[in-house]
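A.B. asks: Can you keep this structure in mind? I'll have questions shortly.
The values are calculated or read from the model by the stated rules, or taken from the named source; none is laboratory data. Only a predicted model underlies this, so the values are computations on that prediction, with no experimental measurement involved. Glycine also receives a Cβ, built like all others from the backbone with ideal geometry; neighbour counts cover every protein chain displayed. Accessible surface areas use protein heavy atoms only, side chains included; no ligands, DNA or RNA. Shrake-Rupley method; radii C 1.70, N 1.55, O 1.52, S 1.80 Å.
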Amino acid sequence: MKLITALVRPSKVDAIKSALVALEIVGMTVSDARGFGRQKGQVERYRGNEFTVDFLPKSKIVVAVPDEKLEAALNAISEAAHTGEIGDGKIFVTPLLDAIRIRTGERGPIAL
Amino acid sequence: MPRSSKSGGGITAEATFDRLRTRMLAGIHSPQLKSSALVLLAAGAGMLPLMAGSAKAALTKMPTDGADTLLMLMGSALVLLMTPGLAFFYGGFTRAKNVLNTMMMSFFLMGLVGVLWVVIGYSLSFGTGFGSPFIGGLDFLMLNGVGGPLGDEPLADGFAISASSFALFQGMFAIITPALISGALVERINFKAWFWFALLWSLFIYCPMAKMVWGGGFLGAAEGMMGAIDFAGGTVVHIASGVAALVAAAIVGPRTGYPESVRPPHNVPYILLGAGLLWFGWFGFNGASFFAAKGAGFSFITTTTSASAAMLTWCLIDWFKDGKPTAVGAATGAVAGLVGITPAAGFVAIGSSIVIGAVVAVACYVAVQFSGAGGVGGSSKSVLDESLDAFSVHGVGGTLGALLTGALAVKELVPADYFPAAAKILEESGNFGLFLTQLKAVLFTYGFVAIGTVIILLIIKATVGLRVSPEDEERGLDFVCHGEEAYDPMTN
């Protein structure tokens, strides 16, 4: 099992969800996030005072997948989130030790 | 604006008014009756500008009345508050990344139209310089001469409100009317395009509409005119803004990704706050449109009663249809009821205001289901992205209100001295006749506003462009158009 953490443009979340559901990966967690990478921050002005805001709005998607679906899931997310401009985001993959479905107590890939 | 009917434009109108006034006062012997007649006359303020130059009969000149003028000043403040109220109402419906832009489309007009009105808008709406039943003149530029050197002179013979308070009151209406249109264009129109649209639309659509309905012009109830009545702006404000919204939504086009991209309102408490401020302000909008404090009780009561009935109706429909009464439904229903009673407020019985509120709520509910999204459901497949239901509420509610005004107007509340053309129709062919007249005025307004709005939008499209780019739309208009963010977690 692997845990995928994708930091993407907020406007791409729907497309990513659809792409993952098409792979029968059901279940994901999305949260609002602020962050920066190579993309520069933005300058905001309030009453003439400039504020440089380094952290830009992003969405953080967390999804756990069985090993055999990992490559397909990564491709799906990359394609759905791609625009080619700076600021498309990043995907991180980490090993997942275990998973538990609380309702039934099932463990391992079956709990995903 | 209700009682503006009197004038025809130019000398004829003034002469007509003088004749009517003299006849009316001459026929009244009891002093008590005479004073109520004066109050009635005072209530007829709308045409003041028309009479201002012609006041020769000293007998009928009324001193400015403090209470009546205070009503207008209070009413002006109330109507002004409706614009930030509308900003909250609309702002709650949009996405968090567009809320400041949405609110600015209303709020900013307090600046733009606020200046425009004083410089030239009032003159184009209520002047007589051009001698035309369609447009005013340049006689009141900078409000020059309005209310005399101290601003305390009455609007015209027979009116007890000061001319300056009338000009201010009318200005507040001019501000909110284009703001209503913004509901159809949110989340994609370029703010620069909005600036030019609001400016041109105010001058070339709103001012002629105000002249035609309230300034003694073509559609109004003055002698020899069409005879339609509009108490506080069903035609001038709500139909005009609703039709413009529909046309503008078609020309500007839907938001990118519509209708799949539509989201629920980002802040429902804002919607309730906005609706509350609108309701409160509507006491000025309709109530103070009676132009005389003593008789304004009815127009205040019908206004709030209609809103209550409409909110109740909308919630009950929600309840029966979907099992739960919704907060957004309650807010929308209240606004629909206020829109519906606007043309009727001073012309109908109190019982009728309940009927108007309920009927308008049902009609607007159906219209909102058809037009789709509105921020509530997003189920519509319609390609016309009338985003915040400006037409479904203001256009449909205003139209139905105008027609119901014809059907339900009470003869005693449409006195022949103030509304000669309308009273004549009521006398000769009853409410059905007035209904048909209202229908004619509504259809004329649809045509005039639709054509004018199309021309203005095409000019803007060819010059400054109408929309932001799809990338900017995705980023959010708060940052793109204003360089600000409404909610930034990093500033916590």
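A.B. asks: Charges on Cβ only, +1 for Lys and Arg, -1 for Asp and Glu, centred on the Cα centroid of segment B:178-316; of B:Gly217, B:Thr304, B:Trp201, which one is farthest towards the dipole's positive end?
C.D. replies: B:Trp201
A.B. asks: List the lysines whose Cα lies under 16 Å from the Cα of B:Lys411, skipping any in the same chain that are fewer than 8 positions away.
C.D. replies: Leaving aside lysines fewer than 8 places away in the same chain, those within reach of B:Lys411 are B:Lys424.
A.B. asks: Gain in length, A:Ser78 to A:Asp32, computed as 0.36 nm per residue apart minus the alpha-carbon separation, to one decimal in nm? If you can, show how the numbers build up before the last one.
C.D. replies: On the way: separation 46, 0.36 × 46 = 16.56 nm, distance 1.88 nm.
In short, 14.7 nm is gained.
A.B. asks: If you don't mind, there's one more thing I want to ask. As a test of the formula, what do you get for the protein assembly as shown when each DSSP H run with n ≥ 4 contributes -39,500 (n - 2.57) and the sum is divided by the residue count, at 222 nm and rounded to the nearest 500 deg cm²/dmol? Before the final figure, lay out the partial values.
C.D. replies: Working: 21 runs with 308 residues, N = 604.
After summing the helix terms and dividing by the residues of the protein assembly as shown, the value is -16500 deg cm²/dmol.
A.B. asks: If amide hydrogens are placed 1.01 Å from N in the peptide plane, which non-local residues have theirs closer than 5 Å to the one on A:Arg34?
C.D. replies: The list, which skips near neighbours in sequence, is A:Lys58.
A.B. asks: Same structure again: Am I reading the B/A interface right? What is its buried accessible area, both sides, 1.4 Å probe, to the nearest 100 Å²?
C.D. replies: 1000 Å²
A.B. asks: Within 13 Å, Cβ to Cβ, of B:Pro63, how many net charges do the neighbouring residues add up to if Lys/Arg are +1 and Asp/Glu are -1?
C.D. replies: My count for the surroundings of B:Pro63 gives -4.
A.B. asks: Just want to confirm a number: the relative contact order over segment B:272-399, from Cα pairs under 8 angstrom separated by 6+ residues, in percent. Kindly include the intermediate steps, with their values, before the conclusion.
C.D. replies: Working: 205 pairs, mean separation 31.9, N = 128.
Relative contact order comes out at 25 percent.
A.B. asks: Across peptide A:71-81, how many C-beta atoms of other chains are within 10 Å of each residue C-beta, on average?
C.D. replies: Values: counts 0, 0, 0, 0, 0, 0, 0, 0, 0, 0, 0.
The per-residue average across the peptide is 0.
A.B. asks: Let me ask something else. Find the percent of Cα-Cα distances in the protein assembly as shown that exceed 46 Å, and round it to a whole number. Don't jump to the answer; show the numbers that get you there.
C.D. replies: Working: 44949 of 182106 pairs.
Distances greater than 46 Å cover 25 percent of the Cα pairs.
A.B. asks: Would you pull out the residues with amide H under 5 Å of B:Arg467's amide H, same chain only if 5 or more places away, H placed 1.01 Å from N?
C.D. replies: Counting only residues 5 or more places away or on other chains, the set is B:Asn190.
A.B. asks: With each pseudo-label sitting 7 Å past Cα toward Cβ, what's the A:Ile91-B:Ala327 distance in nm, one decimal?
C.D. replies: A separation of 3.9 nm, rounded to one decimal place.
A.B. asks: Label B:Leu138 and B:Leu199 with points 7 Å out from Cα along Cα→Cβ: what is the distance between them in nm?
C.D. replies: The modelled label-to-label distance comes out at 1.8 nm.
A.B. asks: Let me ask you something else. In straight Cα distance, which lysines are under 25 Å from B:Lys324, not counting same-chain residues fewer than 8 positions off?
C.D. replies: B:Lys381
A.B. asks: Which value in nm describes the separation of the simple spin-label points at B:Glu260 and A:Leu70, placed 7 Å from the Cα toward the beta carbon?
C.D. replies: 3.0 nm
A.B. asks: Right, here's the next one. With axes computed from alpha carbons, what is the tilt in degrees of helix A:13-22 against the longest principal axis of chain A, rounded to the nearest 10 within 0 to 90?
C.D. replies: 20 degrees
A.B. asks: Now for a different question. Tally Lys/Arg at +1 and Asp/Glu at -1 over every other residue whose Cβ is under 10 Å from the Cβ of B:Glu485; what's the total? If you can, show how the numbers build up before the last one.
C.D. replies: Working: positive: B:Lys97; negative: A:Glu44, B:Asp478, B:Glu484, B:Asp488.
Once all neighbours under 10 Å are counted, the net charge is -3.
A.B. asks: Now a separate question. As a test of reading the structure, rank B:Tyr446, B:Tyr206 by solvent-accessible area (1.4 Å probe, protein chains only), most first. If you can, show how the numbers build up before the last one.
C.D. replies: Details: B:Tyr446 65, B:Tyr206 5 Å².
Solvent-accessible surface, decreasing: B:Tyr446, B:Tyr206.
A.B. asks: Another question, if that's okay. For segment A:2-111, what is the charge dipole size about the Cα centre, in debye to the nearest 20, if Lys and Arg each add +1 at the Cβ and Asp and Glu each add -1 at the Cβ?
C.D. replies: Working: 16 positive and 14 negative charges, 75 e Å.
Here segment A:2-111 has a charge dipole of around 360 debye.
A.B. asks: Next question, about the same structure. Using the Cα gyration tensor of segment B:215-336, with a ≥ b ≥ c the square roots of its eigenvalues, what is the shape: rounded (a/c below 1.5), prolate (a/b larger than b/c) or oblate (neither)? If you can, show how the numbers build up before the last one.
C.D. replies: Numbers: a/c = 2.46, a/b = 1.37, b/c = 1.79.
Since a/c reaches 1.5 but b/c is at least a/b, the shape of segment B:215-336 is classed as oblate.
A.B. asks: Now a separate question. Along the Cα-to-Cβ line of A:Ile110, 7 Å from the Cα, sits a label point; which residues in segment A:60-75 have backbone N less than 20 Å from it?
C.D. replies: A:64-69, by backbone N distance to the label point.
A.B. asks: So what are the ³J(HN,Hα) numbers for segment B:331-347, from phi and the Karplus equation (6.51, -1.76, 1.60; θ = phi - 60°), rounded to whole Hz, Gly and Pro as x?
C.D. replies: Coupling constants for segment B:331-347: 5, 5, x, 4, 5, 4, x, 5, 5, x, 7, 3, x, 9, 2, x, 10 Hz.
A.B. asks: Next question, about the same structure. Could you sort A:34-45, B:414-425, B:468-479, A:99-110 so that the peptide with the highest average Cβ count within 10 Å comes first and the rest follow in order?
C.D. replies: On the way: A:34-45: 13.1, B:414-425: 23.0, B:468-479: 19.2, A:99-110: 11.0.
Most protected by this proxy first, the peptides run B:414-425, B:468-479, A:34-45, A:99-110.
A.B. asks: Still on this model: Out of residues 5 or more away from B:Gly158 or on other chains, whose amide H comes under 5 Å of its own, with H placed 1.01 Å from N in the peptide plane?
C.D. replies: For B:Gly158, the qualifying residues are B:Met62.
A.B. asks: What does the net charge come to around B:Ser352 if you take all other residues with beta carbon closer than 14 Å to its beta carbon, with K and R at +1 and D and E at -1? Numbers along the way, then the final one.
C.D. replies: Values: positive: B:Lys411; negative: B:Glu412.
Value of the local net charge: 0.
A.B. asks: Further, regarding this structure: Over chain A, with every protein chain in place, what whole percent of the accessible area is carbon and sulfur at 1.4 Å, could you tell me? Walk me through the numbers before you get to the answer.
C.D. replies: Working: 3930 of 7200 Å².
Carbon with sulfur: 55 percent of the solvent-accessible area.
A.B. asks: Right, another one. Per residue of B:461-474, how many C-beta atoms from partner chains lie within 10 Å of its own C-beta, taken as a mean? Present the calculation step by step, with values, prior to reporting the outcome.
C.D. replies: Working: counts 0, 0, 0, 0, 0, 0, 0, 0, 0, 1, 3, 0, 1, 5.
Shielding by partners across B:461-474 averages 1.
A.B. asks: So what is the diffusion coefficient of segment A:2-111 in µm² per second by Stokes-Einstein at 37 °C and 0.692 mPa s, using a Kirkwood Rh over Cα pairs?
C.D. replies: Details: Rh = 15.5 Å.
For these conditions, the coefficient is 212 µm²/s.
A.B. asks: Return the sequence-ordered ³J(HN,Hα) values of segment B:277-285 in whole Hz as given by the Karplus equation 6.51 cos²θ - 1.76 cosθ + 1.60 applied to θ = phi - 60°, using x for Gly and Pro.
C.D. replies: Values per residue, Gly and Pro as x: 5, 5, 4, 4, x, 5, 4, x, 4 Hz.
A.B. asks: Please give the Cα centre distance for segment A:18-75 versus segment B:409-467, rounded to the nearest Å.
C.D. replies: If we compute the Cα centre of each part, the gap is 52 Å.
A.B. asks: Then there is this: Please arrange B:His238, B:His482 by accessible surface area, largest first, computed with a 1.4 Å probe and ligands excluded. Working shown, then result.
C.D. replies: Working: B:His238 0, B:His482 40 Å².
In descending accessible area the options line up as B:His482, B:His238.
A.B. asks: Enter the angle in degrees (range 0 to 90, nearest 10) between the Cα long axis of helix A:70-81 and the first principal axis of the Cα atoms of chain A, meaning the one along which they spread out most.
C.D. replies: 30 degrees
A.B. asks: Once phi is turned into θ = phi - 60°, what whole-Hz ³J(HN,Hα) does the Karplus curve with 6.51, -1.76 and 1.60 give for every residue of segment B:121-135, x standing for Gly and Pro?
C.D. replies: x, 4, 5, 5, 8, 10, x, 10, x, 7, x, 10, x, 10, 8
A.B. asks: Okay, next question. Ranked highest first by the average count of other Cβ atoms within 10 Å around their residues, in what order do B:175-187, A:47-59 fall?
C.D. replies: Details: B:175-187: 27.2, A:47-59: 13.6.
Output ranking for B:175-187, A:47-59: B:175-187, A:47-59.
A.B. asks: Can you list the lysines whose alpha carbon sits under 25 Å from that of A:Lys2, skipping same-chain ones fewer than 8 residues off?
C.D. replies: Output for A:Lys2: A:Lys12, A:Lys17, A:Lys58, A:Lys60, A:Lys69, A:Lys90.
A.B. asks: Charges only on Cβ, +1 for Lys and Arg, -1 for Asp and Glu: so what's the dipole of the protein assembly as shown about the Cα centre, in debye to the nearest 20?
C.D. replies: Numbers: 41 positive and 43 negative charges, 50 e Å.
In total the dipole reaches around 240 debye.
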